[in-house]
1. In the chain, carbon and sulfur make up what percent of the accessible area (probe 1.4 Å)?
2. Can you tell me which of 23-31, 59-67, 10-18 comes out highest on packing, and rank the rest after it, using the mean Cβ neighbours within 10 Å?
3. Enter the accessible area per residue of the chain (Å², integer; probe 1.4 Å; all protein chains in place).
4. Given (i) 16, 30, 24, 16, 10, 4, 0; (ii) 15, 30, 21, 15, 9, 6, 3, 0; (iii) 17, 48, 28, 7, which label gives P(r) over Cα pairs in 10 Å bins from 0, in percent as computed from the coordinates?
5. Going by alpha carbons, how many degrees (0 to 90, nearest 10) lie between the helix axis of 7-41 and the longest principal axis of the chain?
6. As I understand it, the value is the acute angle between the Cα axis of helix 46-77 and the longest principal axis of the Cα atoms of the chain; what does it come to in degrees, rounded to 10?
7. Evaluate the charge dipole of the chain about its Cα centre and quote only its size in Debye, nearest 20, assuming +1 on the Cβ of each Lys and Arg and -1 on the Cβ of each Asp and Glu.
8. Among all the lysines, which ones have a C-alpha under 29 Å from residue 7's C-alpha, if same-chain residues fewer than 8 places away are not counted?
Amino acid sequence: MFFKGNKEAIDLLGNAATIGTHLVCSTFVGMAIGWYLDKWLGTKPWFLLIFLLVGIGAGFKNVFDEVQKIQRKDQRKGPGVNNEDK
């Protein structure tokens, strides 16, 4: 396997994928809810715009929460863990 023995690279790749997925999926879900509400209620394009903005906001909140979780995880590792670069 390509990443065999390099758990840190796998973790970084997983974190990047998670952050991107949070942002894209939240935006898409907000847009879809708005589109369906506009179609059902005939209020085009107002609910689409409102829920698109709500989805984008939720995506950024999810990204912020994920970054906070990653930072807490790195702080638990303690200082001096990544001294291989020196």
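The values are calculated or read from the model by the stated rules, or taken from the named source; none is laboratory data. Computed from a prediction, not measured in an experiment: that's the story for all the values here. Positions of Cβ are backbone-derived with ideal geometry, glycine not excepted, and every protein chain shown enters the neighbour counts. Keep in mind that these areas ignore ligands, DNA and RNA; they rest on the heavy atoms of the full protein, side chains included. Shrake-Rupley method; radii C 1.70, N 1.55, O 1.52, S 1.80 Å.
1. 68 percent
2. Those peptides, ordered most packed to least, come out 23-31, 59-67, 10-18.
3. Here the per-residue accessible area is 81 Å².
4. Given (i) 16, 30, 24, 16, 10, 4, 0; (ii) 15, 30, 21, 15, 9, 6, 3, 0; (iii) 17, 48, 28, 7, the structure-derived one carries the label (i).
5. 10 degrees
6. 10 degrees
7. Magnitude of the dipole: close to 160 debye.
8. 61, 69, 73, 77, 86
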